[in-house]
Structures are given as structure tokens and as C-alpha cells.
Amino acid sequence: MRNGAVRKIVVAWGTLLLAPLLARADDTAITIDSGPITGLVADEVDGVRVYKGIPFAAPATGPNRWREPQPAAAWTEPRACTEFGPTCPQSDALDRRLGLNAPRRSEDCLYLNVFTPARGERDRLPVMVWIHGGGFSVGSANLYDGSTLAQGGAVVVTINYRLGTFGFLAHKELTAESPRGASGNLGLLDMIAALQWVQRNVERFGGDKGNVTIFGQSSGGSAVCYLLASSEGRGLFHRAIAESGGAYDPMPDLKATEAAGEKLFSAMGCDSLAAAREKSWQDVLAAAQPAGVRFGVIRDGKALPRHPIDIFKSREQSNVPLVIGSNANESDAEYTVSARFFGREHSRLNPGTFRYVFSKPSSDPNRAGQGAPHGAEIAYVFNRPLRPGRVFDDADKALARTISGMWLQFAKTGDPSGAADDQAVRWPSYDAATDSYIDFGAQVTTGKGFRTELCDKLEREIEAELAKQP
């Protein structure tokens, strides 16, 4: 990210708590590739079954720390998938902001959750895979209940991935050890491993593995852009939705990130990879902050052979329909300009590209006067109020029906329009010449040229920064 203050906003609002639904155990077992599982029935959402804490990879502990995701171990007896898996190691800053009790944290965190309204395996419903935000340093899939969204006719999957130092550290010893000849971007590889799990297993939940939509917000929205650019993600998804993803900025390469990894090992008092793997995850976190090192997605030459900006300009990204957008009251330098750039470049490859701006002021008294800040659209996408105790007013309910309906319609058909009976405005595909978009505000309208002069200026500045990179 280009600005430290912006990063604080991302951490504060990039991951938001959705009040969990009540559910009861369901003893009916289904069998996935690693063994039989049982789940839950959501009491408050008719017909939706929930499976929590399904391992999609082996624990990233011991010798698997900083290693590519490995296959999950198999089991034979039914496994009760009724509780979320542990949260990936991270600081407790987000928990304090959201007023959460400290969740279980472990490097054994590569779990996903499935919410399905399917009546059986033959339903073949569209699949929506959610990638949470949090600046690639905090957050969890466990904060998002997909039951209400799933009730609209899709299998919703929420995934964890390794964060910060555990998900994106590079080091020369790790590069030498890796069969891929690269290190860093393990969090991105975790996302790819989860999508591979979806391909192998989602039909058992009534999903269509040939119709998978990835969607995410903040760093999760950035991850959508990175997955579009990654050849290793190709064919694992068929539509994409990027909400407020700041991916249009300089990105370090493998060499620079390996140097940062050496700095961290030195701060930990470790002279080898083996010694660093002996440290507790708490010790790793404690060393990273005072050492001044922060890790995120990089140009590793493998998962991302070049900067996504270059890949999109060359039209080498995955050729799938795309919804992309930003909120009216978040930093333009991170989100508005990124949405415009990737929407414009992708529309030149795929005409099924759609841009939005979310501008409805929040009705939450705790966010009064903030307009439509970072993360404000999430509740409307999931069609559920944010945080326990919050309720939607009538305007909120109407907009949530429209937005969640459009996201579902896009997942089903690749075109977000035509979803709801009360939908008054058709969402036009993106026109690069006019910068067309739909505005989700107090009223749903269409517009052209959102903050054009400012975005032009920002693009010139960012392109100048990119030109300086090795």
C-alpha cells in the first residue's frame, strides 16, 4: 500500500463482523475427498446447511511453516464440522476494535466454511468463494456468515489463508528449498489451494464446479485481481468480483522481499531457516513489528511472474466476467483509481465487465457522518446487518436485496442485471470511453466519469512510481 494512514483504515474496516446465525447439528454425513463430514442446519435461514472448519490443506506448522500448502490428512470416521477452525496468527488489533473475545489462533488455520441451500448433489448451484480483507495481515473467514446470501441460490464458501509474516515472507533459504524456485506469496497459494479443493469437492454440496465466482473486499478484492493475473489460478474460477481492492500500486519483487526476510530472521536471532522454524508464532510476530518489516503479495516470478498492471495491460489475465468497484468515502488513491484501471483494462478483454460505486451513507449510528466508508457495502452483499444488535431499516433492506441479488445474478449468469423484481435500474457493462458505472446510493442510479480528473492525476503519479521499480 502506498500510504501508512490508508493501511490503518484498511485494518479498521477491511474486515467486519457479521452476526452469526443460530444453527443445530445435522448428523447426515457427506463424503469429501479427505473423508466423511457432518454439519449444521441454520435455524434462522430455511433450507441452508452449514459446514464449518473443513481443512483444505495440512497444518502449516513445524516443517510446513513457510512451505507451499500441503494436502490435508484423510480420516475415516465422520468429522463434525460444526465449529470454525482457528484464526491465522495476527495481532489482536482487529479483535479490540470489534470488541471480540480473543479467538483461537494457530498456524493450523487452513480451513474453509461452506453454506449451501442445495437439496442434493445434483442441484449444481453457482459457487461463490469469499476472500476476506484486512490488509493481508489481519482478518478471518470466520467473521462472515454466508447463510443469507446462500439462501438466494448459491453455495457460499469462505476461506482462510496465511497472513502477514506467515503468508508472505520470502527468504533466500525458502527460495532454495521450494520446488517452485520462489518464496513469498504463500497466502496467495493458499487461496489457490482452496479453489482446487472447491473443484474437487463442491459438487458434494450441490455446487457447480464449472461456475465458480471469487469475490472479496479490501485486500480480498486485491487478491481477486492478483488471482485474475496469476496463471496458477487459471481455470479454477469463472467469474470475479473485486470490492475496494487496492491493487494498482508498486509491488516489491522477490529479491527485495528476500532481503526483508533476512532482516526479520536477524531480529529473531536466527541464523538459519531451521532455527526460525523452531520459534513460536508469537515470537515471530513479536519480532516483526519492531524490525519494521511487513509482508504482502509480491512479484515472485511464479504465481505472479510480472506486476498485475502489466499483465492486464497485455490482456494476459483470465478472461472471465468481472464486477469491480469502490466506495464513495474511502481513499481514492487506493481504491477508486484501482477500480477504474482494472475495470478499464479488463473491459478491453472481456465485455462482461461491470463497475460500481457504493455511496449510500451508513444508517449505523456508530458510523454517522462517515458517508460510505471502506467496507460499508459488505452487509448489503451478504444481505445481513453488520454486528450483533444492528438492524436494517427499510431503505437498507431494499438496497441489500438489490445488491445481494445482483451479486447472485452475476454468479449465476455473468450479468448482474435482472436479479430482483423491484430492480428499477439495469447495470450497463463498462464503457471505457465514458467510465460508466452503477451507483448504489440512497437511490440506485447510473453515472459516467466518476472523479475523472482526480483519477487521471493519480494514474500519472502511480505510473511514474511504477517506472522506477526494478
Quiz prompt | Considering residues of the range 289-302 that are closer than 10 Å to Ala260 by Cα and in contact (Cβ under 8 Å) with a residue 40 or more places away in the chain only, the residue farthest from the chain's Cα centre (by Cα) | solution = Val293
Self-check item: Of the criteria (1) more than 20 Å from Ser331 (Cβ to Cβ); (2) among the aliphatic types (A, V, I, L, M); (3) at pLDDT 95 or above; (4) part of a helix (DSSP H, G or I), which one Leu236 fails
Solution: (4)
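From the list Gly405, Gly414, exactly one residue is closer than 27 Å to Leu349 by Cα, out of contact with any Gly (no Cβ under 6 Å at 6 or more places or on another chain) and buried (at least 16 other Cβ atoms within 10 Å of the Cβ). Which is it?
Gly405
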Exercise. Identify the residue in the range 96-123 that is more than 27 Å from Glu334 (Cβ to Cβ), among the charged types (D, E, K, R) and modelled with pLDDT under 95 and, among all such residues, is surrounded by the fewest Cβ atoms within 10 Å (Cβ to Cβ).
Key: Arg122
Quiz prompt | Given (1) over 22 Å from Ala467 (Cβ atoms); (2) surrounded by 21 or more Cβ atoms within 10 Å (Cβ to Cβ); (3) of a type outside the set (Asp, Glu), number of the condition Ser338 does not satisfy | solution = (1)
Quiz item: Among the residues of the range 208-231, is any part of a helix (DSSP H, G or I), modelled with pLDDT under 95 and of a type outside the set (Val, Ile, Thr)?
Solution: yes
Practice problem: Find all pairs meeting these conditions: Cβ atoms under 6 angstrom apart; at least six residues apart or on different chains; first residue within the range 125-136 and under 26 Å from Ser91 (Cβ atoms); second residue surrounded by fewer than 24 Cβ atoms within 10 Å (Cβ to Cβ) and at pLDDT below 95. | Solution: Gly135/Arg7; Gly135/Val11; Phe136/Gly296
Quiz item: Is there a residue in the range 288-298 that is in contact with an Asp or Glu (Cβ under 9 Å, 6 or more places away or on another chain) and over 30 Å from Ile438 (Cα atoms)?
Solution: yes
Self-check item: Residue that is farthest from Asp253 (Cα to Cα) [pool: residues in the range 307-344 that are among the hydroxyl-bearing types (Ser, Thr, Tyr) and touching a strand residue (DSSP E or B) at 6+ places or on another chain (Cβ under 9 Å)]
Solution: Ser326
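Considering each of Arg384, Arg390, Arg355 in turn, give the residue that is in a strand (DSSP E or B), surrounded by 15 or more Cβ atoms within 10 Å (Cβ to Cβ) and in contact (Cβ under 8 Å) with a residue 60 or more places away in the chain.
Working: Arg384 fails: in a strand (DSSP E or B); Arg390 fails: in a strand (DSSP E or B).
None of the other options fit; the residue is Arg355.
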Quiz item: Which number in (1) of a type outside the set (Ser, Thr, Tyr); (2) crowded, with 24+ Cβ neighbours inside 10 Å; (3) more than 17 Å from the chain's Cα centre (by Cα); (4) not in a loop (DSSP other than H, G, I, E, B) marks the one condition that Arg204 misses?
Solution: (2)
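The values are calculated or read from the model by the stated rules, or taken from the named source; none is laboratory data. Bear in mind the structure is a predicted one, so any value in this text is a computation, not a measurement. FYI the Cβ positions are ideal-geometry reconstructions off the backbone, even for glycines, and counts take in every protein chain you see.
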